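S.K.: Handing you a structure now.
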Amino acid sequence: MTMPARQRGLSMMGFLFVAAVVLVSALIAFRVVPAYIEYFSVQKALQGALNDSPDLSKSDIRRRVERRIGAEYIDSVSASEIEVTKSNNVTTASVSWQNKLHLVGNVSLLLDFDASASR
């Protein structure tokens, strides 16, 4: 008597499980990627404002950051939230914020961001 050949491949249950994992991962990625793009835009605005400021005063840095975040349509941060500190000839501008992303039903994802730049 011959042994039947072993079947190889993905069963229907295995396929559904893999499809569910891929869909959930894609859902989360599509919601998270814009928040991280905004984070990098805020980071770039802080660094650009510090590089463009001739006297590194707090009001000048905030004004320059406000112009940059307005030009890049950044909604999660305002210029009044920017903290500017000076120590040992180094000026640092930083801001922290949270972004709550609704996923499905009553499930949400909370992201904490801290952006800073120094000159």
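The values are calculated or read from the model by the stated rules, or taken from the named source; none is laboratory data. The structure presented is a predicted model; accordingly, all values stated were derived computationally and were not measured. A quick note on method: Cβ atoms are made from the backbone with ideal geometry, for glycine too, and the neighbour counts reach across all protein chains shown. Remember, those area values only see protein heavy atoms, side chains included, never the ligands or the DNA or RNA. Shrake-Rupley method; radii C 1.70, N 1.55, O 1.52, S 1.80 Å.
S.K.: Which angle from 0 to 90°, rounded to the nearest 10, does the C-alpha axis of helix 58-71 make with the longest principal axis of the chain?
M.R.: Helix 58-71 sits roughly 40 degrees off the main axis of the chain.
S.K.: Okay, moving on. What ranking of Lys58, Lys100 comes out by heavy-atom accessible area, probe 1.4 Å, highest first?
M.R.: These residues rank, largest area first, as Lys100, Lys58.
S.K.: Counting only protein heavy atoms and a 1.4 Å probe, tell me what percentage of the chain's accessible area is made up of carbon and sulfur.
M.R.: The nonpolar share, carbon plus sulfur, comes to 58 percent.
S.K.: Sum up the charges of everything whose Cβ sits under 12 Å from the Cβ of Leu111, counting Lys and Arg as +1 and Asp and Glu as -1, but leave Leu111 out.
M.R.: -1
S.K.: Here's another thing I want to ask about it. At 1.4 Å probe size, what's the solvent-accessible area of Phe113? Round to the nearest 10 Å².
M.R.: Roughly 10 Å² of Phe113 is accessible to a 1.4 Å probe.
S.K.: (i) 53, 24, 11; (ii) 49, 15, 11; (iii) 27, 16, 12: which one is semi-axes √(5λ) of the Cα gyration tensor in Å as calculated from this entry?
M.R.: (ii)
S.K.: Moving on. Counting alpha carbon pairs within less than 8 Å and at least 6 residues apart, what relative contact order, in whole percent, applies to the chain?
M.R.: Relative CO of the chain lands at 22 percent.
S.K.: Which of the aspartates and glutamates could a cross-linker span from Lys58 if the Cα-Cα distance has to be under 18 Å and same-chain partners fewer than 8 positions apart are dropped?
M.R.: Glu66, Glu81, Glu83
S.K.: Based on the alpha-carbon gyration tensor of region 29-75 and its eigenvalue square roots a ≥ b ≥ c, which shape applies: rounded if a/c is under 1.5, prolate if not and a/b is larger than b/c, or oblate?
M.R.: It comes out prolate by the Cα gyration axes.
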